[in-house]
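Novice: Would you mind keeping the following structure in view while I ask a few things?
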């Protein structure tokens, strides 16, 4: 733990699920909803599922999938039919009260380290462009993401499909706070 009370991202466990469900529910306008059963299924098939804590409390999480996962997300499927070598960020959520502490950046740096260690060539994701999510757009641009496609979803929103190479050069400085 550093001087600010941050810990290194740690593997998510079922004991974290109540906090993860609460965080997801608070940001559901950007994400799909999660039930306890759906979270357990996603957790079981995720390549990467970690939480970030501050002062011992779960305040953020990141859930990512590798190619070939049994996951029905239309955005994940878009990448799965086009790429063989990726980690797909399904969702990253930071508690509103914890924004600005650098937890999302810590999780992303850890994810890129994981991707590099496991031989993945790219990290992929999407963010809303209609309605716009400029904070997410800036955050992902800082990590080297660029648009590789877009799609309009059944609920009417449009997402930008993004990809970033897994190289040290794409990562912002370690002390960057988001």
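The values are calculated or read from the model by the stated rules, or taken from the named source; none is laboratory data. The model shown is predicted, which means the values in this text are computed figures rather than measured ones. In this analysis, Cβ positions are derived from the backbone assuming ideal geometry, glycine residues included, and neighbour counts consider all displayed protein chains.
Novice: Can you tell me which residue in segment 9-22 is farthest from the chain's Cα centre (by Cα), limited to those that are within 19 Å of residue 111 (Cα to Cα) and surrounded by 12 or more Cβ atoms within 10 Å (Cβ to Cβ)? Before the answer, list the steps.
Specialist: Start the filter on segment 9-22 by keeping residues that are within 19 Å of residue 111 (Cα to Cα), which leaves 9-13, 16, 20.
Subsequent filtering for residues that are surrounded by 12 or more Cβ atoms within 10 Å (Cβ to Cβ) retains 9-10, 12, 16, 20.
Values: 9: 13, 10: 14, 12: 13, 16: 16, 20: 13 Å.
Only one residue tops the list, namely 16.
Novice: In this structure, does residue 143 turn out to be closer than 30 Å to residue 56 by Cα, in contact with a strand residue (DSSP E or B) (Cβ under 9 Å, 6 or more places away or on another chain) and surrounded by fewer than 20 Cβ atoms within 10 Å (Cβ to Cβ)? Walk me through how you get there before you give the answer.
Specialist: On the way: closer than 30 Å to residue 56 by Cα: yes; in contact with a strand residue (DSSP E or B) (Cβ under 9 Å, 6 or more places away or on another chain): yes; surrounded by fewer than 20 Cβ atoms within 10 Å (Cβ to Cβ): no.
Spelling it out, it is not the case that residue 143 is closer than 30 Å to residue 56 by Cα, in contact with a strand residue (DSSP E or B) (Cβ under 9 Å, 6 or more places away or on another chain) and surrounded by fewer than 20 Cβ atoms within 10 Å (Cβ to Cβ).
Novice: Regarding residue 105, is this residue within 19 Å of residue 32 (Cβ to Cβ), assigned to a helix (DSSP H, G or I), modelled with pLDDT under 95 and within 17 Å of the chain's Cα centre (by Cα)? Step through it out loud before you land on a result.
Specialist: Numbers: within 19 Å of residue 32 (Cβ to Cβ): no; assigned to a helix (DSSP H, G or I): yes; modelled with pLDDT under 95: yes; within 17 Å of the chain's Cα centre (by Cα): yes.
So residue 105 does not fit the description; no.
Novice: Please pick out the residue among 129, 159 that is in contact with a strand residue (DSSP E or B) (Cβ under 8 Å, 6 or more places away or on another chain), at pLDDT 90 or above and farther than 16 Å from residue 90 by Cβ.
Specialist: Values: 159 fails: farther than 16 Å from residue 90 by Cβ.
On inspection, the qualifying residue turns out to be 129.
Novice: Identify the single condition in (1) assigned to a helix (DSSP H, G or I); (2) crowded, with 19+ Cβ neighbours inside 10 Å; (3) modelled with pLDDT under 95 that residue 115 does not satisfy, given that it satisfies every other one.
Specialist: Answer for residue 115: the failing condition is (3).
Novice: Output yes when any residue across segment 63-77 is within 16 Å of residue 105 (Cα to Cα) and either free of Cβ contacts under 8 Å to residues at least 24 places away in the same chain or more than 16 Å from the chain's Cα centre (by Cα) (or both), and no when none is. Spell out how you get there, then give the answer.
Specialist: Our first condition is that a residue be within 16 Å of residue 105 (Cα to Cα); within segment 63-77, this holds for 63-64.
Applying the additional criterion that residues be either free of Cβ contacts under 8 Å to residues at least 24 places away in the same chain or more than 16 Å from the chain's Cα centre (by Cα) (or both) yields none.
No, there is no match, as no residue in segment 63-77 is within 16 Å of residue 105 (Cα to Cα) and either free of Cβ contacts under 8 Å to residues at least 24 places away in the same chain or more than 16 Å from the chain's Cα centre (by Cα) (or both).
Novice: I'm trying to understand the selection: among the residues of segment 60-100, which are over 23 Å from residue 120 (Cα atoms) and modelled with pLDDT under 95?
Specialist: Start the filter on segment 60-100 by keeping residues that are over 23 Å from residue 120 (Cα atoms), which leaves 60, 94-100.
Hits for segment 60-100 are 94, 95, 96, 97, 98, 99, 100.
Novice: Give segment 15-32 a look and list any residue that's part of a loop (DSSP other than H, G, I, E, B), under 16 Å from residue 135 (Cβ atoms) and out of contact with any strand residue (DSSP E or B) (no Cβ under 6 Å at 6 or more places or on another chain), or say none.
Specialist: Start the filter on segment 15-32 by keeping residues that are part of a loop (DSSP other than H, G, I, E, B), which leaves 27-32.
Next, from what is left, pick out any that are under 16 Å from residue 135 (Cβ atoms): 27, 29-31.
Answer for segment 15-32, where residues must be part of a loop (DSSP other than H, G, I, E, B), under 16 Å from residue 135 (Cβ atoms) and out of contact with any strand residue (DSSP E or B) (no Cβ under 6 Å at 6 or more places or on another chain): 29, 30.
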